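Notes follow once the structure below has been shown.
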Amino acid sequence: MPFIALRGVSKVYDQLKQPVVALQETDLEIRQREFVSIMGPSGSGKSTLLHILGALDRPSTGTYLLEGVDITALKDKELARVRRDHFGFVFQSYNLFPELTAVENVEVPMIYAGVPARQRRARAKELLERLGLGHRLAHRPLELSGGEQQRVAIARALANGPTMLLADEPTGNLPTEQGRQIMASLAELNEQGMTVVVVTHDPAVAAWGRRLLTLRDGEIVGDEPVSEAPVLRAYLQVAEGAGA
């Protein structure tokens, strides 16, 4: 049984009384332990798809099955519980609290989940150490590099033990090497059993995944192994030629 199954899911927004189809009717399955990259031009619907997968947004039509259970019509409070228990989110802009230290930022989701103070502090430290930030526990965001801030954001996303990690352009604000380090961290988490879905416009980032979904005009026009994806083969050929 797939972890997530979308059946005829679409998303339509009303903008100035003019409906905008952000995601056409879509059937999609994602299984546990997959590493899925989602690519497409701006406005192709990739972030909309990510938000629906993570229960941040509701589909306009269709059915969303999570571990075989239909969550499409859940009430807001129930859907929030689904997000808390199953999903972790990483965004391009980090979204850290500037007045809190790294370890305090990681504790925030656990506070909302009712985790006791001593337990959440130990969990936050363990996650930061796991991501190579054991020496940065007491530093605030402005005292950290962009890559370090994003690793704090990843640790925070893992705080409540999600089954799936969803990342929207996680390297978009980072220099190449820091971006590579972030993707290496996500790949390591996937190897340890975490399901990972990454939205990106960068072929170098998408190549870290194992499965590539390509979106255009709100439609999935490609679904293939990364090793067989023409767009990534072309990118690799250009990169190899530049290094020759």
Inset, instruction - Determine ³J(HN,Hα), in whole Hz, for all residues of the stretch 28-38 in sequence, where each value follows from phi through the Karplus function 6.51 cos²θ - 1.76 cosθ + 1.60 and θ = phi - 60°; x replaces Gly and Pro. - result: 7, 10, 10, 9, 4, 6, 6, 10, 10, 9, 10
Legend entry - Option label - P(r) over Cα pairs in 10 Å bins from 0, in percent computed here, alternatives [x] 7, 25, 33, 24, 10, 2, 0; [y] 7, 30, 34, 22, 6, 0; [z] 8, 34, 38, 17, 2, 0: [y]
Legend entry - Label-point gap, in nm, between Lys17 and Glu126 - each point 7 angstrom along Cα→Cβ: 5.7 nm
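Only sites in a loop by DSSP and with at most 15 other Cβ atoms within 10 Å count here; which GluC sites (Glu not before Pro) in the stretch 85-128 make the cut? All intermediate terms of the calculation are to be shown ahead of the outcome.
Numbers: sites: Glu99, Glu104, Glu107, Glu126; in loops: Glu99.
Sites meeting the loop and neighbour criteria: Glu99.
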Inset, instruction - Would you mind calculating the relative contact order of the stretch 4-243 from Cα pairs under 8 angstrom and at least 6 residues apart, reporting the percent as a whole number? - result: 28 percent
Legend entry - Computed [θ] at 222 nm, deg cm²/dmol, the chain (DSSP H ≥ 4; -39,500 (n - 2.57); rounded to nearest 500): -11500 deg cm²/dmol
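We did not get these values from a lab; they are worked out from the coordinates using the rules stated. Predicted model, so just to flag it, every value in this text is computed and none were measured. Cβ sites come from the backbone with ideal geometry, for glycine too, and all protein chains shown count toward neighbours.
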